[in-house]
Amino acid sequence: MFSSYDGLCTIGELAEHAGVSVKTVRFYSDRGLLPEASRSAGGHRRYAPEAVERLAMIRSLRGLDLPVPEVRRILDEQDEQDERDGAGGVDGTGGALEDAVAGRLRLLGSELAALRWREAALQLVQECPPAERPARLRLVGAVAAPPSTASLARFWRSWLPARMPARSVSAFLEAAVPHPPDDPRPAQVLAFARLHAFVARPCDGGSDSSQPRAHGVAGARASAVLYAGLAEAYDLAGGELRRGAEPAPGEALDGFVDAYAGTYGVRDTPAFRRVLAGRLAADPRIDRYWDLTAEVISAPGGRPEPTPGSAHDWLLAALEAQSEAAGHSGARAVSPR
């Protein structure tokens, strides 16, 4: 390959053959990525023919923006494999390469998500009236890019009953904390920023941050059972909401009532349903949170995606309508003829 009598090449020849500068070859040599075969009598670096392939591999890895330490691990692993197998060359089939590429993909995904979020946020500021831009900028500027849901999780952790099992808390947070879209529209960025501001505001002791009285059951495990039952009912009600169905009795409502009845240790009777409807109607609401959540997770211009909050409202409306109908039926049954 090279013209020298021993088949080795100088640093200049290697650089020319690989299409890089001598400075680049020296950089990789000094960092131990490109071993020298020997030195000339005058102390000049000399490289073996396989250095060409190795340098090409280094350039490919660096072209993917892999850092030098990752490149070193990949090459070291390949050297060890070559020693075991007695093979030459760099085929890049080791686990170090797989791990490095996967890690870089994760990082790039995060960077791209941040860029898309910033782009939508800038569009949001640009499109609003000039007089509103400072306030809009402060609102969206308080949210990291890509956005974090940590503030939302903290809000719910402080709202949930104390000492609930970790698995139950995680299941609730999965349903209650919206995941920001990967490719957000300006309206979704605005909704998430408002949601972040809503949960991050100083606690004012308002009723919207207190636990519903209907959830005041004995013990953390009883609360966990209640929330698990409600989650199933909300899923069923969500399906009804997606179909555009009006609130009505059915499997979703039965599961909703059964969650409370089972937790309280009572039977599901018409009388219990009337009492439950009254309790739930009087409990504090966090409607603002759920309205903003629906804006975050729904495609702009489309039907709002169901949330636990909208599912709860649908079920409560069905329960109230059923209880009212049962009350009227009972009144007719006992009225004098």
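The values are calculated or read from the model by the stated rules, or taken from the named source; none is laboratory data. The structure displayed is predicted, hence computed values, not measured ones. Heads up, the Cβs are rebuilt from the backbone with ideal geometry, glycines too, and the neighbour counts pull from every protein chain shown. Remember, those area values only see protein heavy atoms, side chains included, never the ligands or the DNA or RNA. Shrake-Rupley method; radii C 1.70, N 1.55, O 1.52, S 1.80 Å.
Pairs please, first residue from the stretch 36-63 and among the polar types (S, T, N, Q), second anywhere and modelled with pLDDT of 85 or more and not in a strand (DSSP E or B), Cβ atoms under 7 Å, 6+ apart in sequence or on different chains.
Listed pairs, sorted by first residue: Ser38/Leu8.
Which condition number in (1) under 24 Å from His215 (Cα atoms); (2) modelled with pLDDT of 95 or more; (3) open to solvent by 80 Å² or more (accessible area, probe 1.4 Å) is the one that Glu295 fails?
(1)
Condition check ((1) outside any loop (DSSP other than H, G, I, E, B); (2) under 18 Å from Ile74 (Cα atoms); (3) at pLDDT 90 or above) across all residues:
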position: Gly7; (1), (2), (3): no, no, no
position: His17; (1), (2), (3): yes, no, no
position: Lys23; (1), (2), (3): yes, no, yes
position: Phe27; (1), (2), (3): yes, yes, yes
position: Glu36; (1), (2), (3): no, no, no
position: Gly42; (1), (2), (3): no, no, no
position: Glu53; (1), (2), (3): yes, yes, yes
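Consider Thr24 carefully, then state whether it is free of Cβ contacts under 8 Å to residues at least 60 places away in the same chain, among the hydroxyl-bearing types (Ser, Thr, Tyr), crowded, with 16+ Cβ neighbours inside 10 Å and within 30 Å of Leu105 (Cβ to Cβ).
For Thr24, the condition - free of Cβ contacts under 8 Å to residues at least 60 places away in the same chain, among the hydroxyl-bearing types (Ser, Thr, Tyr), crowded, with 16+ Cβ neighbours inside 10 Å and within 30 Å of Leu105 (Cβ to Cβ) - is met.
Only one of (1) modelled with pLDDT of 95 or more; (2) under 29 Å from Leu195 (Cβ atoms); (3) open to solvent by 20 Å² or more (accessible area, probe 1.4 Å) fails for Arg279. Which number is that?
The one condition Arg279 does not meet is (1).
Among (1) at pLDDT below 95; (2) open to solvent by less than 60 Å² (accessible area, probe 1.4 Å); (3) farther than 27 Å from Ser151 by Cβ, where does His328 come up short?
Tallying (1) at pLDDT below 95; (2) open to solvent by less than 60 Å² (accessible area, probe 1.4 Å); (3) farther than 27 Å from Ser151 by Cβ, His328 fails exactly one: (2).
Which of the numbered conditions does Ser323 fail, given that it passes all the others? Conditions: (1) surrounded by 17 or more Cβ atoms within 10 Å (Cβ to Cβ); (2) assigned to a loop (DSSP other than H, G, I, E, B); (3) at pLDDT below 95.
(2)
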